[in-house]
1. Post the alpha-carbon centroid distance, the stretch A:4-18 to the stretch B:233-264, in whole angstrom.
2. So what's Rg/Rh here for the protein assembly as shown, counting alpha carbon atoms and using the Kirkwood radius for Rh?
3. Tally Lys and Arg at +1 and Asp and Glu at -1 over the other residues with C-beta under 10 Å from the C-beta of B:GLU291: what net charge comes out?
4. Evaluate the stretch A:73-226: find the radius of gyration of its Cα atoms, find its Kirkwood radius, and give the ratio Rg to Rh.
5. Expressed as cubic angstrom per residue, what is the convex hull volume of the alpha carbon set of the stretch A:7-89?
6. Could you please state, rounded to a whole Å, how far the C-alpha centre of the stretch A:24-53 is from the C-alpha centre of the stretch A:155-227?
7. Would you work out the relative contact order for chain A, in percent, from Cα pairs under 8 angstrom that are 6 or more residues apart?
8. Would you work out the relative contact order for chain B, in percent, from Cα pairs under 8 angstrom that are 6 or more residues apart?
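None of the figures in this text is laboratory data; all of them are computed from the coordinates on show. As the structure is a computational prediction, the values presented were derived from the model and not from experiment. Backbone-built Cβ (ideal geometry, glycine too); neighbour counts: all protein chains shown.
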Amino acid sequence: MDITFSAEELAFRDQVRAFLSESWTEDLASRINGRSGDYKAAQIEWQNKLSAKGWLAPGWPVEHGGVDWSVTENFIFETERSLAGIPDVVPFGLKMVAPVIYDFGNDEQKKRFLPRILKNQDWWCQGYSEPGAGSDLAALKTKAELDGDDYIVTGAKIWTTYAQYSDWIFCLVRTDSSGKRQDGITFLLIDMSTPGVSVNKISSIDDHHSLNEVVFDNVRVPTANRIGEEGKGWTYAKALLAHERTSIAAVADSKRKLRELRDLLAQEVSGGRPLSEDTQFQNRLSNTEIELMALEYTELRVLASTADGKGPGVESSLLKIKGTEIQQGIQQMYMDLAGYYSGVIHGEDTAETIGHAFGHSARQAYMYGRAATIYGGSNEVQKNITAKYVLGL
Amino acid sequence: MNFNLSEEQNMLKDSVARFVRDEYDFDSRRANAASELGFNPANWQMFAELGWLSIPFDEAHGGFGGGATEVMAVMEEMGKGLVVEPFVATVLMFGGLLNKSGNAALQDANIEKIIDGSLQGSFAYLERQSRFELADVKTQAKRDGADFVLNGEKTVVSNGMAANKVVVSARTSGEQCDEAGITLFLIDTDAPGVERTSYRLMDGQLVANIKLTDVRVVGDHVLGDVDKGYTLIEAVVGDVIIALCAEAMGIMQKLNTTTIEYTKTRQQFGVAISSFQALQHRMVDMFMAGEQAKSILYRAVCAAESGAEDLPKNIAALKVMIGRNGKLIGDEAIQLHGGMGLTDELDVGHFVKRLMMINTTFGDADFQQKKFNRLTYSD
């Protein structure tokens, strides 16, 4: 039982803090967190700074541009980043498709795609879910038929985050429907500018545009863009999911928000008294804080077990479920704290005109936050996974 | 960063697990609890021989020099066996108070006897009115020359009947609920003026009310400083809460495994009931509650081992979560066992009752949450 950081690790933490405080600016924060029209450019500007420092893709193998960080160093970086209020990198290229490419792709593909991801030259999106395949992902129907050296892809993907910004999409497609459903799935990389690819905007309840439908109408994709073998796509995709669930827990982000919430509680008043004296709020906040204190150690346990070479394991489902419940609990408290102002739509008006700074963003976070218990495998599916693989039911 | 036990700690944990497996089936446990002292003295001697009674004491006193991690390892396994022998009362509470009292003469006179198994002790802190407030003390201690004379009544003293000596909290100054003005006295239970009445708790413990009528205590039988006993109480109670929560964690694990096994064998509608999704999700909730409890226990143990500044907040959080998650797991374990869960013959209900008693001991989840809030919002 030892959770203390070594002197080297503490020195590393100082190095991370110094870099972040120097590189993360007010300007970047307002453009990225405000998700303004300038969002993509600002995100790329930030990721270029990370890239220049060599810290954009710490999890990658060193030969492809990763950093040889220990699990603890990685944890320190992620914690410092979150506590500084800096959002994660856009995961689709860096954290989702890249590992599939370096683990299962051929040399040609590694050379072609990885350097461009590392230099933020390609923006990626994920083509997994379909109108008829959500939690039951293996029900996907988007069809890819071989025609010479190409596949002809027809079908539709849905809930595709940031497809409107993307140069590439990685897709699970069906190449065979004769046998077991999971066996007929192939992993394809598709250039979004190929004729026949169209993106339909889906407006979400947070008044933002991040979701899309991507339709493929006889889209020609060279077989050179297939990862690994035909029919093995499910295996490649599955290898990634445990990692995805772990990062969805967003423990450090929740810690920062809880702290911010506590400050706001002390500023807002009810009947002339600070809301931080309200026992209802205190109890709700501490219910969440206590769960989070525990989850922080659950995450550390998972990380320690990863460092021991045992892998994050199926307990990552627990992190996903609890982490997203906590996120939604925090979003709810922001809403309740904002009261009437949680309903205000800023539009052209600034926070100063309205006299309240966080109601609008609280609502957006709350509304879009509903997605957290749905994506990455809904929490109910996570329970099924835990029941089967952890409890052996 | 690691959450592994050392080799020595693992051996300790294994030895308790072995004892529970070989000597502590449910029928033995039931007999031990029902016996005259409320536990089996032969087991106590075995604990002494195995060195368990020496765990928290300094090597200078012949102890093992263990900390929160060793205590956790032992308590988790004792929880799985629902061990009724008074390890917490004698070694952790009574011994813990002596250990932190700074009173060398009392330590020299008593610790070795705790370790060799010949001395039983307890801590009498509760009074009829005090509920969870450790500072609500009406029992009076008046100076009389070099002595003190004690009057009052302490209630629900665990191991109160077997205890040869008891540490009693009494008021030497201040008002009824003041933290200042509380002093801790070491008294012999056979001293004139000490009257004990015994009764049982739902978890099998034999406890006692201890009535003190003009009980004379010599002045050097004070633990810590006069009027300043509360700080000592808080420190020791903090350690004991962690230990009780480790015991609860062992119980939760046991209930979770037992419930899963039962649903796999119980057939209804022609299939094992473990195949029903409604039940599977409830068992996943139980599993998550247990894992979260384990995590926050590790957190508190790490904070105790490193002497972290926010240790009191960690302990309050731990007690809240153990209380709430313990209730969830206990309720669900009975529910999923169906009618069998209602029977006294099955161990499930007994595990649940111990969890309920642990929740109550030293402040239930609601009380501890108020404390957590105070530590968070009053700075």
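1. 35 Å
2. For the protein assembly as shown, the value is 1.04.
3. The answer is +2.
4. That ratio is 0.99, to two decimals.
5. Expressed per residue, the convex hull around the Cα atoms of the stretch A:7-89 is 86 Å³.
6. 26 Å
7. Once normalised by length, the contact order is 12 percent.
8. It comes to 15 percent, rounded to a whole number.
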